[in-house]
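The values are calculated or read from the model by the stated rules, or taken from the named source; none is laboratory data. Treat the numbers as computed from the prediction; the structure is a model and nothing was measured. Counting neighbours? That spans all protein chains shown, and the Cβs are built from the backbone with ideal geometry, glycine included.
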Amino acid sequence: MADSGTQGPFTPSTPSGSASQADILQALKNQTQATNQLTFATTQVTPDFTSGQITASVLGTLVQSGFVRLIGISIVTGTTNGALYDSATNNPTAGQQVGALLATPGWYATQMIFANGMVAKPSTGQIVSLHYARS
């Protein structure tokens with residue numbers, strides 16, 4: 001039997017203070033900003049697009065023109081190293097090479113920035129797929 005002067009373990013207590021409407025709105029604003037930051041951070045490591053399978057060609061393959069962020073490279077079949085170029089055309093120069101397409105098959109996470117465009121030039125017999133975002 002409970003004592004009438006004491007509260008039981010499930011008796012709600014009255015709050016000592018209450019939040020104003022401004023406090024509640026500020027908390028919602030802070031939550032929205034935190035959610036937006038989390039979403040932005042997630043999209044930084046999540047590819048939006050893929051090149052599909054690219055094979056060797058006389059010229060390189062212009063995957064995407066303009067600013068591109070390469071998030072990952074999938075080497076499907078490897079022979080010798082291919083190359084990646086920061087170029088607006090599918091005929092890049094040696095000075096525009098910024099990376100290699102490795103010969104060993106597998107997934108390679110990257111965070112490479114291409115300011116002018118992303119050109120892939122796999123080696124003979126090599127098959128690659130590039131995963132990228134446009135942000």
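Looking at the structure I just gave you, is ALA94 hydrophobic (A, V, I, L, M, F, W, C), exposed (fewer than 13 other Cβ atoms within 10 Å of the Cβ) and at pLDDT 90 or above? When the stated conditions are applied, ALA94 passes them. Scanning region 113-120 for residues that are modelled with pLDDT of 95 or more, surrounded by fewer than 14 Cβ atoms within 10 Å (Cβ to Cβ) and of a type in the set (Gly, Ala, Ser) turns up at least one hit. The condition of being at pLDDT 85 or above and polar (S, T, N, Q) holds for only one of THR32, THR42, THR6, THR14, that being THR32.
A count restricted to region 58-75 and to residues that are polar (S, T, N, Q) and within 12 Å of PRO122 (Cβ to Cβ) stands at 2.
Tallying residues that are part of a strand (DSSP E or B) and over 16 Å from VAL58 (Cα atoms) within region 102-120 yields 11. With the condition kept exactly as written, say whether any residue in region 36-46 is outside any loop (DSSP other than H, G, I, E, B), surrounded by fewer than 15 Cβ atoms within 10 Å (Cβ to Cβ) and touching a residue at least 60 places away in the same chain (Cβ under 8 Å). Yes, region 36-46 contains at least one residue that is outside any loop (DSSP other than H, G, I, E, B), surrounded by fewer than 15 Cβ atoms within 10 Å (Cβ to Cβ) and touching a residue at least 60 places away in the same chain (Cβ under 8 Å). Candidates SER123, SER129: the one that is among the polar types (S, T, N, Q), assigned to a strand (DSSP E or B) and surrounded by 15 or more Cβ atoms within 10 Å (Cβ to Cβ) is SER129. If only residues of region 47-86 that are in contact with a strand residue (DSSP E or B) (Cβ under 6 Å, 6 or more places away or on another chain) and aromatic (Phe, Trp, Tyr) are counted, the one that is surrounded by the most Cβ atoms within 10 Å (Cβ to Cβ) is TYR85.
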